[in-house]
Protein chains: 2
Amino acid sequence: MKILKGNIIYTVVPEKFEVYENSYLVEIDGKVSGVYKHLPEELKDVEVEDFGDSLIIPGFVDMHFHAPQFQNIGLGLDEELLPWLEKYTFPEEAKYDNEEYAKRLYTNVAKALWKNGTTRAVLFSTIHKNGTKILMDVLDKAGIGAYVGKVNMDRNSPDFYIEDTDESLEKTEEWILETKDKYELVKPIITPRFVPTCSEKLMKGLAELSDKYNIKVQSHLSENEGEVEWVKSLHPEFNSYAAIYDGMGLLNDRTVMAHTVHNTDEEIKLLSKRGTISAHCPNANYNLSSGIMPVRRFLDAGVKVALGTDVGAGHQVGIYKVMSQAIEASKMNWFYNGKSEKCLTTSEAFYMGTKAGGEFFEKVGSFEKGYTMDALVINDESLGDKDFRSIEERLQRFIYCGDDRNIIRRYVAGKLISEPK
Amino acid sequence: MKILKGNIIYTVVPEKFEVYENSYLVEIDGKVSGVYKHLPEELKDVEVEDFGDSLIIPGFVDMHFHAPQFQNIGLGLDEELLPWLEKYTFPEEAKYDNEEYAKRLYTNVAKALWKNGTTRAVLFSTIHKNGTKILMDVLDKAGIGAYVGKVNMDRNSPDFYIEDTDESLEKTEEWILETKDKYELVKPIITPRFVPTCSEKLMKGLAELSDKYNIKVQSHLSENEGEVEWVKSLHPEFNSYAAIYDGMGLLNDRTVMAHTVHNTDEEIKLLSKRGTISAHCPNANYNLSSGIMPVRRFLDAGVKVALGTDVGAGHQVGIYKVMSQAIEASKMNWFYNGKSEKCLTTSEAFYMGTKAGGEFFEKVGSFEKGYTMDALVINDESLGDKDFRSIEERLQRFIYCGDDRNIIRRYVAGKLISEPK
């Protein structure tokens, strides 16, 4: 049991913040048992950790992160997508069959997630089974909750970084069996890279594994116009990109699809019907000139939308930074698309980066009773005068202007986590 | 005389970086006397400050910053422009007739500029003469180079924050006389807020003062579509927004205009002809849903384009952050405007944030011989492996992923400056 005191702020619905000034967040067995303005009588003897005027918020959830690309963030961004993949991404990913290298670099990833208050993440590793297990070990030790995916790719990939279809499926099944019950907060997720690099046989085989072991799925969908065209030429028998995943049995409510920048209304309806989550990655979409995801259309159609950094195409690890970029992107979408789709508000972006992503981990990302207690303590003294600011304004200012220095505590499932070594 | 050793990188032209690995930057009397791979014989006895594997780059130049709005960064950004001005901006600016308040808050501004390596800035203060002089004092003491403007506004402004035309001109002349020769690196700049809040008489009077004392001019031009329409309705006798400033005598090569998001080709030609600098502020343009400045069209037309944070509509003080946002904005402009206008490269954005803005201060923003020596030392150890990265890549990574912690020294006109108190 733990009691934290401070200015507690979180979202239950996207439209508004719940604010409890100078209040108590009570945790029992890793779950939130309540938020109280006045502590109930029966808790009067429990020790309270008092964070004074700090903010207490749910931990951040990153729904799309390529762990081996962390090494490359902020590099090669004058290149177009294909040369960027060839020059930076694939050669770097190929290195992760070296276990020592994987251990060292993945520890840097865990440190960066920790620093930036990402308490839950959905990650791509590489095609290497052992490298993937190392990433899972590192995150488990760090106490960070995660779905980690061994990447599958058996076509249209460089010679030095491609799999044989049968071996890919075999290794994936082995890896699922080795890891699905191994860790408390770290789980395997099935990870076909994207349609262009995965044969029909591979995708169908992965869907079977997902069904057989009840394993979640992640992939990319409609990031870039060139990619969409390519996919169309590879599969003229399907009437959309999303329909291909659906036809392979990969589109359901265990699935997260990154990007979804260029989807038809029909595809959006399909995602909504299937209960698939979309991981919106505005930072990466800017960097690779992909365009802007029309978030409002997805929300209006009932699609769940969460946020992803998409490291390494995205150059920032902080989901709080992605929140402000999602708002900015929605403003540009408003501006350039007929000024009809309403911009995101701060509470909506915050909801996307906490509770919407948290649903993928079940009850995570809010302080409602029964939710797993992932929390951050934010000291915003460095960000300017607090006296005349509401708690909402102070949170907004942290989202726009704060950085990892303002995050002074990180809890995952009720447990204080310290910097990974 | 000073000699700094490190990996020296800067731009002479926008198209490419000049790179001197492990080299010497020699300063005499505040000016760069040369960059050397091997130190000339006659300098062999001069002490060298060796920064090892760090980068040495020119200081950053911020061409548009509202000092009294620093207090509000990251706030109110769910609001539209007009409510934002009414709720946050004007009430805050009105406070700066309190000299104690001005001193305290402007010291925060100087600290933020210092932290983020902004060695030169062009700032708006408020309509208050004494508050403006306090800002100039604070910046002078901090050793930061600046043009500081007392704001003029005599129409369409709130009752509590408006001037009488004659008094505005009188006070402005007094202030010019009191400050134009007072400081070495801090100078007054004439600052009509923008056309909607300045009568013709005021603008013409300010143009006369600018001519009489050879004082530079700053204002806003075509930030927002609603503003452009408003200006058109106020001055139907002119055929464009830029033509109004020109007709008032305010558009010349001593002038910087912030934003220039919505200008016709004719206006762009006029800016080019007059030698007026444009201050591109992508961060603010996103936040206030203003649109994206088509930078390439300005560059192709021969307009000088530099960068501004536009604090407080912009929420970030680091010009390095504005560089990456300018690149991102150019990518979105490319995407949404027919894919014809080439995106900015990293060297172009760096040039805009150093040498292009530096020209407003005469020879500033480069390490060419004879340039004033404004320099930053960047330690990028925290940003990842250096071993396999070129100096250009390391600078790019700092621009995208770095922050003030990576800036370990700041020099202005050859002088090391320390954190303002």
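The values are calculated or read from the model by the stated rules, or taken from the named source; none is laboratory data. These figures come from a predicted structure and were not determined experimentally. Cβ placement follows ideal geometry from the backbone for every residue including glycine, while neighbour counts extend to all protein chains displayed. SASA here: full protein model, heavy atoms, side chains in, ligands and nucleic acids out. Shrake-Rupley method; radii C 1.70, N 1.55, O 1.52, S 1.80 Å.
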Taking A:ASP159 as the residue in question, decide whether it is in a loop (DSSP other than H, G, I, E, B), within 14 Å of another protein chain (Cβ to nearest Cβ) and open to solvent by 40 Å² or more (accessible area, probe 1.4 Å). no
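Taking into account only those residues within the stretch B:310-321 that are part of a loop (DSSP other than H, G, I, E, B) and open to solvent by 10 Å² or more (accessible area, probe 1.4 Å), which is nearest to the other protein chains (Cβ to nearest Cβ)?
The selected residue is B:GLN316.
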Conditions (1) closer than 23 Å to A:ILE244 by Cβ; (2) not in a helix (DSSP H, G or I); (3) not small (Gly, Ala, Ser): number failed by A:MET203: (2)
Against the definition (farther than 22 Å from B:LEU81 by Cα, in contact (Cβ under 8 Å) with a residue 40 or more places away in the chain and aromatic (Phe, Trp, Tyr)), how does A:TYR320 come out, yes or no? yes
Could you check, for the stretch B:5-26, whether at least one of its residues is charged (D, E, K, R), without any contact (Cβ under 8 Å) to a residue 24 or more places away in the chain and over 19 Å from B:GLU362 (Cβ atoms)? no
Quick check, is B:GLN325 facing another protein chain (nearest Cβ under 9 Å) and assigned to a loop (DSSP other than H, G, I, E, B)? no
Among the listed residues A:VAL19, A:VAL35, A:VAL12, A:VAL46, identify the single one that is within 28 Å of A:GLN218 (Cβ to Cβ) and of a type in the set (Val, Ile, Thr). A:VAL12
Considering residues of the stretch B:366-400 that are in contact with a helix residue (DSSP H, G or I) (Cβ under 7 Å, 6 or more places away or on another chain) and among the polar types (S, T, N, Q) only, the residue farthest from the other protein chains (Cβ to nearest Cβ): B:SER366
Selection within the stretch A:358-398 - touching a Gly at 6+ places or on another chain (Cβ under 7 Å), open to solvent by less than 10 Å² (accessible area, probe 1.4 Å) and over 23 Å from A:ASP50 (Cβ atoms): A:GLY358, A:VAL364, A:GLY365
Go through (1) under 20 Å from the mean Cα position of the chain (by Cα); (2) not in a helix (DSSP H, G or I) one by one and return the number of the condition A:LEU75 breaks. (1)
The stretch B:262-278, residues that are buried (at least 23 other Cβ atoms within 10 Å of the Cβ) and assigned to a loop (DSSP other than H, G, I, E, B): B:ASN263, B:THR276
From the options A:THR126, A:THR119, residue that is within 18 Å of the chain's Cα centre (by Cα), closer than 23 Å to A:LEU416 by Cα and of a type in the set (S, T, N, Q): A:THR119
Being away from every other protein chain (no Cβ under 11 Å), in a loop (DSSP other than H, G, I, E, B), surrounded by 24 or more Cβ atoms within 10 Å (Cβ to Cβ) and in contact with an Asp or Glu (Cβ under 9 Å, 6 or more places away or on another chain) is the filter here; which residues of the stretch B:280-309 pass it? B:CYS281, B:GLY308, B:THR309
Answer yes or no as to whether A:GLU208 is over 21 Å from the mean Cα position of the chain (by Cα), more than 23 Å from A:THR89 (Cα to Cα) and surrounded by fewer than 21 Cβ atoms within 10 Å (Cβ to Cβ). yes
Odd one out for A:GLY365, checked against (1) modelled with pLDDT of 95 or more; (2) at positive phi; (3) out of contact with any Pro (no Cβ under 7 Å at 6 or more places or on another chain): (3)
What's the total number of residues in the stretch A:68-113 that are away from every other protein chain (no Cβ under 14 Å) and in contact with a Pro (Cβ under 6 Å, 6 or more places away or on another chain)? 4
Can you list residue pairs whose Cβ atoms sit under 6 Å apart, with the first residue in the stretch A:270-281 being touching a residue at least 60 places away in the same chain (Cβ under 8 Å) and the second being open to solvent by 20 Å² or more (accessible area, probe 1.4 Å)? Count only pairs 6 or more apart in sequence or on different chains. A:ILE277/A:LYS304
Scan the stretch B:93-109 for residues that are of a type in the set (Phe, Trp, Tyr) and open to solvent by 20 Å² or more (accessible area, probe 1.4 Å) and jot them down. B:TYR101
Name the residue, out of A:GLU21, A:GLU80, A:GLU47, that is open to solvent by 10 Å² or more (accessible area, probe 1.4 Å), farther than 29 Å from A:THR255 by Cα and at pLDDT below 95. A:GLU47
Selected residue [over 14 Å from B:SER125 (Cβ atoms), open to solvent by less than 10 Å² (accessible area, probe 1.4 Å) and assigned by TED's automatic domain parsing to the domain that holds B:ASN283] from B:VAL186, B:VAL195: B:VAL195
Can you pull out every residue in the stretch A:377-421 that is among the aliphatic types (A, V, I, L, M) and out of contact with any Ser or Thr (no Cβ under 9 Å at 6 or more places or on another chain)? A:LEU383, A:ILE391, A:ILE407, A:LEU416
Hits in the stretch B:401-410 (condition: within 19 Å of the chain's Cα centre (by Cα) and either within 13 Å of chain A (Cβ to nearest Cβ) or open to solvent by 30 Å² or more (accessible area, probe 1.4 Å) (or both)): B:ASP403, B:ASP404
Can you say whether B:PHE360 is under 16 Å from the mean Cα position of the chain (by Cα) and more than 14 Å from chain A (Cβ to nearest Cβ), as far as the supplied structure shows? yes
